[in-house]
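In what follows, a single structure is set out as structure tokens and then discussed.
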Amino acid sequence: MELKPGESLQGEPGTMMYLSHGIQQGVSCEGFMGRCCSGEACYVVNYTNESDDSNKAYVALTPNYPTAKVVPVDLSSPNVNGALIAQQGAYMASYGNVEIDISLDCNLCRCCCSGLGLVRQKISGDGTAFLAATGTIVQKVLGAGETILVDTNCVLAFAESCKLDLRRAGGIIGMFGGGEGIFNTTLTGPGLVIVQSMNETMFKDALAADKMYRR
């Protein structure tokens, strides 16, 4: 990320890869309650270009788990409209006015079976948020009333204007023999939807299974 003198970038602890000359680091705990409850660290690292001249400086950040990819999201986009709901721990870094808080899904069936749980991450503001994701990433803008059916483990984030719900994965045979579980997740527009082919938990399970197989 390129920073002009006086500009700042925020990132999760442990995500820094390299900094160019003039970048100073600082740690803050502003908004720590919402951050901790939404799966993030209590602290955030601020990277500021404090050089006296007009030289630009660079900050390189990377997700702190292997094979992860960085997904930039412009929160000021009309497809996001200032608020994004994401899975816990999805946030990696941000530029500009971005706040991390929690979003509660108090529907018992959805919070248990939709893949996002009771406490979800709410990312709001008009800056740019950088999410950490795994596998193949697909971004789709849904029109009003348009619905996409997603595996419950593959939902990364969606605009707050989208509606999250559940749908049965077929009949009895389909639910127990189709490999998708009892429910799939539905997302109905309008707004941006971001899905990933494999979340962090699935990746760790795949590594563990491969290790056991090799034995």
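Listed here are the residues, each with its yes/no results for (1) in contact with a Cys (Cβ under 9 Å, 6 or more places away or on another chain); (2) assigned to a strand (DSSP E or B); (3) closer than 27 Å to LEU3 by Cβ; (4) modelled with pLDDT of 90 or more.
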| site | (1), (2), (3), (4) |
| --- | --- |
| VAL80 | no, no, yes, yes |
| LEU116 | no, no, no, no |
| ALA157 | no, yes, yes, yes |
| SER161 | no, no, no, yes |
- Message: Just checking, does the range 39-50 include any residue being modelled with pLDDT of 90 or more and closer than 30 Å to THR188 by Cα?
- Response: no
- Query: Which condition breaks for ILE172 when tested against (1) under 21 Å from LEU116 (Cβ atoms); (2) open to solvent by 60 Å² or more (accessible area, probe 1.4 Å); (3) modelled with pLDDT of 65 or more?
  - Reply: (1)
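I'd like to know if the range 130-145 contains one or more residues that are part of a strand (DSSP E or B), of a type in the set (Ser, Thr, Tyr) and modelled with pLDDT under 90. Spell out the reasoning first.
Of all residues in the range 130-145, those part of a strand (DSSP E or B) come to 130-134, 137-142.
Add one more test, that the residue is of a type in the set (Ser, Thr, Tyr), and what stays is 134.
Narrowing further to those that are modelled with pLDDT under 90: 134.
There is at least one residue in the range 130-145 that is part of a strand (DSSP E or B), of a type in the set (Ser, Thr, Tyr) and modelled with pLDDT under 90.
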- Query: Which residues, counting only those in the range 5-56, are among the aliphatic types (A, V, I, L, M) and more than 24 Å from ALA90 (Cα to Cα)?
  - Reply: ILE23
- Of the residues in the range 109-124, those that are over 27 Å from ARG168 (Cβ atoms) and either open to solvent by 20 Å² or more (accessible area, probe 1.4 Å) or among the hydroxyl-bearing types (Ser, Thr, Tyr) (or both) come to LYS122, SER124
- Going through the range 68-81 in order, the residues found to be under 15 Å from the mean Cα position of the chain (by Cα) and either within 19 Å of GLY127 (Cβ to Cβ) or open to solvent by 70 Å² or more (accessible area, probe 1.4 Å) (or both) are LYS69, VAL70, VAL71, PRO72, VAL73, ASP74, LEU75, VAL80
- For residues that are open to solvent by less than 60 Å² (accessible area, probe 1.4 Å) and in a loop (DSSP other than H, G, I, E, B), tally how many sit in the range 45-67. 4
- All conditions in (1) at positive phi; (2) assigned to a strand (DSSP E or B) are true of GLY39 except (2)
- Those residues of the range 1-25 which are surrounded by 12 or more Cβ atoms within 10 Å (Cβ to Cβ) and over 9 Å from VAL59 (Cβ atoms) amount to PRO5, GLU7, SER8, GLN10, GLU12, PRO13, GLY14, THR15, GLY22, GLN24, GLN25
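Just checking, which of CYS106, CYS29, CYS42 is exposed (fewer than 15 other Cβ atoms within 10 Å of the Cβ) and within 18 Å of the chain's Cα centre (by Cα)?
None of the others qualify; the one that does is CYS42.
I'd like the residue in the range 146-155 that is in a loop (DSSP other than H, G, I, E, B) and open to solvent by 50 Å² or more (accessible area, probe 1.4 Å) and, out of all such residues, is modelled with the lowest pLDDT. Outline the logic, then answer.
Narrowing the range 146-155 to residues in a loop (DSSP other than H, G, I, E, B): 146, 151-154.
Next, from what is left, pick out any that are open to solvent by 50 Å² or more (accessible area, probe 1.4 Å): 146, 153.
Working: GLU146: 95, ASN153: 85.
Across the range 146-155, the extreme among qualifying residues is ASN153.
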- Message: Conditions first: (1) within 13 Å of VAL193 (Cα to Cα); (2) surrounded by 22 or more Cβ atoms within 10 Å (Cβ to Cβ). ILE137 passes all but one, so which condition is the exception?
- Response: (2)
- Note on the structure: Flagged in the range 1-29 as in contact with an Asp or Glu (Cβ under 7 Å, 6 or more places away or on another chain) and among the charged types (D, E, K, R), in numbering order, are GLU12
- Note on the structure: Contact list, first residue from the range 195-215 and modelled with pLDDT of 60 or more and hydroxyl-bearing (Ser, Thr, Tyr), second anywhere and open to solvent by less than 60 Å² (accessible area, probe 1.4 Å) and outside any helix (DSSP H, G or I), beta-carbon distance below 7 Å, six or more apart or interchain, is SER197/GLY135; SER197/CYS154
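The values are calculated or read from the model by the stated rules, or taken from the named source; none is laboratory data. Just so it is clear, the model here is predicted, and its values are computed rather than measured. No Cβ is skipped: glycine too gets one built from the backbone with ideal geometry, and neighbour counts run over all protein chains shown. Calculation scope for accessible area: heavy atoms of the full protein, side chains included, ligands and nucleic acids excluded. Shrake-Rupley method; radii C 1.70, N 1.55, O 1.52, S 1.80 Å.
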